[in-house]
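What follows is a set of notes on a single structure, which appears directly below.
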Ligand SMILES: Cc1ncc(C[n+]2csc(CCOP(=O)(O)OP(=O)(O)O)c2C)c(N)n1
């Protein structure tokens with residue numbers, strides 16, 4: 001089951017790498033992502049899938065939320081996985 | 001949510017170099033000591049350092065700078081500061097950063113970097129410090145403009161301390177520290193106030209109800225007590241509730257370990273009384289602990305029949321591995337103080353726990369005339385009293401310290417719990433002894449571990465730091481040997497350290513007083529000599545290489561499956 005996590009954060013050097021790195025290190029596969037720079041906060045939307053193990057999306061969200069410069073973390077559940085046509 | 005009060009660093013309008021601004025910022029943060037090692041890219045900062053009030057400790061390896069800063073921070077509660085050059089200086093810091101990250105120790109690491117125009121060109125001693133350290137810091141900054149230095153440093157110190165503390169890193173390209181900038185405005189530095197969290201009244205009431213209805217409650221606490229400066233609240237809660245308590249490796253000392261009702265450390269090398277209590281409990285009150293696998297053994301059988309109240313300063317820890325029935329995230333001290341601590345009828349349970357503690361108490365009557373390390377360690381901590389601070393390395397000796405020493409405060413037990421860093425003990429001893437000069441700081445190391453940072457004997461000598469080193473020498477990588485004996489059918493592979501140097505001679509070569517202890521009858525005299533020597537001293541203790549640490553929960557097993565000798 002995949003989950004879409006939307007993260008709003010203050011732009012800073014390395015911020016996107018830090019976010020992606022955290023998601024991967026905490027045992028999630030990154031299925032897709034979309035990055036939208038905007039005035040003020042930027043938004044990174046990530047579709048994530050847990051690898052086997054005791055993983056809760058709530059924990060991942062809280063771990064993201066404690067990163068420096070993150071202003072909000074929200075979740076959309078059960079995103080259907082898009083398979084490539086061939 | 002951190003309230004912040006603006007303060008003024010200075011109102012200079014004259015030109016300052018980036019390096020001077022670094023020193024200004026450190027002084028403004030009240031930093032007294034920095035641990036470091038110079039080199040090309042950080043030279044402007046070392047140049048500015050000589051005119052400052054900061055005391056620099058020149059270690060002999062950057063890893064030791066980070067580990068000493070870690071211990072300094074654990075003892076003082078203030079971020080430790082370490083300094084290194086670019087490239088190998090920075091990579092040598094990484095283990096120390098990871099150590100601090102895993103154990104939530106506030107630290108500010110400052111690294112030099114090649115000049116900005118050279119970055120990305122594989123310049124001499126260029127390495128992507130920012131990238132290499134990303135997974136082991138709370139946050140990092142690559143400074144692009146010298147004028148940003150005051151704000152970045154203020155933020156760095158604030159963030160290292162705040163919430164779940166941890167290490168942060170500031171990478172300083174050489175052109176930035178060399179640049180002269182005029183800082184026209186008063187430099188706005190912010191001094192962090194302690195975060196204020198509202199208490200969750202509903203969750204508190206639910207916790208009170210669970211505590212009142214439990215028949216076999218257990219208080220399970222960890223390193224979060226010291227992080228939240230919650231020893232006072234923990235002790236008060238323990239005393240008013242009289243609930244039997246167990247600690248993780250990092251929790252030791254938050255309750256004095258000789259208090260009745262405290263059952264000892266739980267987990268892999270925990271006491272049988274502690275593990276049995278957790279196994280049998282119907283309510284687990286977890287405070288500032290994180291259900292680490294070394295503590296829980298097989299998670300699905302850990303306190304399998306218990307409800308869980310989880311109290312932590314970090315919301316991300318709650319229900320991470322074990323679902324909490326009641327979750328209380330916030331100021332651990334305030335939460336503990338707000339709990340009524342009223343229990344139901346638990347006298348029978350308390351008695352059972354006390355009887356178990358007595359029945360399974362450690363014994364010190366091992367046969368033979370050789371030195372029995374657990375008894376030696378117990379005697380050292382007893383003789384040192386409340387001023388005792390132990391800094392450990394990693395292995396069997398580390399577990400013996402946790403099992404047998406007396407700790408009366410969390411700062412008394414400095415150990416690399418999360419990362420398990422061999423080589424922590426000696427630099428940590430340096431950091432602790434400088435942080436609390438009146439304490440009796442004892443580094444307990446193994447013959448494997450000490451060699452990981454043996455060069456720091458030179459630092460001890462240079463600054464005449466009165467550290468006591470107890471080197472438990474079994475001529476083995478003992479903990480690995482124990483596992484090979486028990487779980488790899490005695491297929492001993494690369495654990496024999498038969499060719500160790502003569503450690504007492506080695507210490508003397510560094511200018512440090514040293515003596516060897518190998519007979520049990522000589523233990524009292526050795527303890528006396530160790531503690532009464534004014535300067536640094538190393539006691540080289542030879543023990544039986546076949547000694548094991550007991551009890552032991554085999555990896556992947558339930559805490560109820562404890563093995564004994
Ligand atoms: C840097 C590092 N490398 C390897 C290990 C794995 N390890 C854990 S305990 C241990 C043996 C430690 O030997 P020693 O310091 O002599 O202590 P003893 O177990 O004999 O008391 C090893 C190799 C580690 N924890 N840290």
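The values are calculated or read from the model by the stated rules, or taken from the named source; none is laboratory data. Nothing here was measured: the structure is a model prediction, and the numbers come from that model. Note that each Cβ is placed from the backbone with ideal geometry, even for glycine, and that neighbours are counted across all protein chains shown.
Quick check: anything in region B:318-333 more than 14 Å from chain A (Cβ to nearest Cβ), over 26 Å from the mean Cα position of the chain (by Cα) and either away from the ligand (no atom under 16 Å from the Cβ) or assigned to a loop (DSSP other than H, G, I, E, B) (or both)? Yes - at least one qualifying residue is present in region B:318-333. Whenever a residue of region B:386-410 is outside the structural domain of residue B:421 (by TED's automatic domain parsing) and within 21 Å of residue B:547 (Cα to Cα), it has no partner that is part of a strand (DSSP E or B) and away from the ligand (no atom under 16 Å from the Cβ) lying with C-beta atoms less than 6 angstrom away and at least six residues away or across chains. Taken as a whole, the condition of being modelled with pLDDT of 95 or more, away from the ligand (no atom under 11 Å from the Cβ) and not in a loop (DSSP other than H, G, I, E, B) does not apply to residue B:471. Just to be sure, is residue B:456 under 30 Å from residue B:268 (Cβ atoms), away from the ligand (no atom under 12 Å from the Cβ) and either touching a strand residue (DSSP E or B) at 6+ places or on another chain (Cβ under 8 Å) or touching a residue at least 12 places away in the same chain (Cβ under 8 Å) (or both)? So residue B:456 passes the test. Within region B:291-301, being surrounded by fewer than 24 Cβ atoms within 10 Å (Cβ to Cβ) and away from every other protein chain (no Cβ under 11 Å) holds for B:292, B:294, B:298, B:301. Residue B:171 meets each of the listed conditions (1) assigned to a loop (DSSP other than H, G, I, E, B); (2) touching a residue at least 40 places away in the same chain (Cβ under 8 Å); (3) within 14 Å of chain A (Cβ to nearest Cβ); (4) over 21 Å from residue B:72 (Cβ atoms) apart from (1).
When you scan region A:29-45, do you find a residue that is under 30 Å from residue B:144 (Cβ atoms), assigned to a strand (DSSP E or B), modelled with pLDDT under 95 and away from chain B (no Cβ under 14 Å), even just one? Checked against the condition, which is being under 30 Å from residue B:144 (Cβ atoms), assigned to a strand (DSSP E or B), modelled with pLDDT under 95 and away from chain B (no Cβ under 14 Å), region A:29-45 yields at least one hit.
Taking region B:411-426 as the range and being more than 7 Å from the ligand (Cβ to nearest atom) and surrounded by 24 or more Cβ atoms within 10 Å (Cβ to Cβ) as the test, the residues that pass are B:412, B:413, B:414, B:415, B:416, B:417, B:424, B:425, B:426.
Would you point out the residue of region B:163-185, among those that are in contact with a strand residue (DSSP E or B) (Cβ under 8 Å, 6 or more places away or on another chain) and surrounded by fewer than 19 Cβ atoms within 10 Å (Cβ to Cβ), that is farthest from residue B:116 (Cα to Cα)? Ranking the candidates gives B:182 first. Apart from one condition, residue B:437 fits all of (1) within 15 Å of the ligand (Cβ to nearest atom); (2) part of a loop (DSSP other than H, G, I, E, B); the exception is (1). Checked across region B:105-117, the condition of being part of a helix (DSSP H, G or I) and either crowded, with 20+ Cβ neighbours inside 10 Å or touching a residue at least 12 places away in the same chain (Cβ under 8 Å) (or both) holds for at least one residue.
Of all positions in region B:476-493, none carries a residue that is assigned to a helix (DSSP H, G or I), away from the ligand (no atom under 16 Å from the Cβ) and modelled with pLDDT of 95 or more.
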